[in-house]
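To start, the structure itself, in structure tokens.
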Amino acid sequence: MQMRLTESAVISIVSSILAILLTVGLLPVITALMPPNLPRLSSVRIDAGVVVFSLIASFIAAAAAGLAPAWNAAHTNIADALRGASKGTVGKMRQRGQRLLVAGQFAMTTLLVVVAAVLAISYWKLQRVDLGFQADHVLTASIDNPGSLEKLREIPGVEAVGAASDIFVSHVPNNTIAIEGRGELQAEPNISTIVAGDYFAVLKIPLLQGRVFDVDDRASTPRVAIVDQTMARRF
């Protein structure tokens with residue numbers, strides 16, 4: 001029993017060490033293939049916690065894989081096993097167990113391959129979703145004074161500068177809107193954002209009809225808004 005457990009432990013530890021070394025070698029390649037704007041990409045690394053977790057998982061796997069055969073060998077009567085072997089009973093039972101094990105491994109492998117393929121296809125499709133704006137070569141920052149826009153325009157390499165009260169998809173849509181002749185309505189979840197400067201030029205958002213905001217739009221002038229196609233069609 002001790003020999004089987006030791007054998008399983010050695011195989012698991014050696015395979016874990018090889019897997020860790022392979023991961024360390026492939027990590028720079030994997031990170032290089034990832035989009036550069038992926039959040040916290042620079043913090044991806046193999047640290048002591050990952051190594052300790054891998055070794056602990058290896059010990060658990062070794063115990064799970066070697067305990068059952070070791071227990072069976074320790075509690076097997078040699079005389080009964082020899083008599084069963086002469087009749088072919090032990091061989092048939094062993095073959096049945098091996099077939100079940102192979103079938104289970106094949107089923108798990110097939111499931112993992114299908115899940116990996118679905119994730120890869122989903123990621124590929126997400127990379128090609130039209131967001132309605134251009135996110136490449138755009139830098140976001142938090143400022144307290146809107147007057148800083150003019151200073152930002154003077155920075156070499158800056159093509160356009162805009163400001164917004166909120167960034168996309170980070171605002172909770174709980175607004176109501178008022179339509180002339182209809183009164184105040186609670187629309188479908190709508191997001192309103194106050195923008196300034198070259199906001200639409202920065203994000204390359206095309207204007208289909210009307211005009212963008214300009215310097216003449218102030219608090220003392222009639223209020224104006226820019227809506228998307230969905231809202232224009234609905235109201």
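The numbers here are math on the coordinates, done by the rules we state, and not lab data. All values derive from a computational prediction rather than experimental measurement. Glycine also receives a Cβ, built like all others from the backbone with ideal geometry; neighbour counts cover every protein chain displayed.
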* Asked: What distance in nm separates the simple spin-label points at Phe133 and Lys204, each placed 7 Å from Cα in the Cβ direction?
  -> 1.4
* Asked: Taking 0.36 nm per intervening residue step and subtracting the Cα-Cα distance, what contour gain separates Gln98 from Ser220 on full extension?
  -> 35.7 nm
* Asked: Quick one: if you stick a label point 7 Å off each Cα along the C-beta vector at Ala64 and Asp228, how many nm between them?
  -> 4.4
* **Nonlocal amide H pairs with Gly162, under 5 Å, H built at 1.01 Å** => Asp198
* Asked: Which of rounded, prolate, oblate describes the stretch 7-63, given a ≥ b ≥ c as roots of the alpha-carbon gyration tensor eigenvalues and a/c under 1.5 marking rounded, otherwise prolate only if a/b is larger than b/c?
  -> prolate
* **Rounded FRET efficiency, nearest 0.05, which uses the C-beta distance separating Val50 from Lys151 and R0 of 41 Å** => 0.40
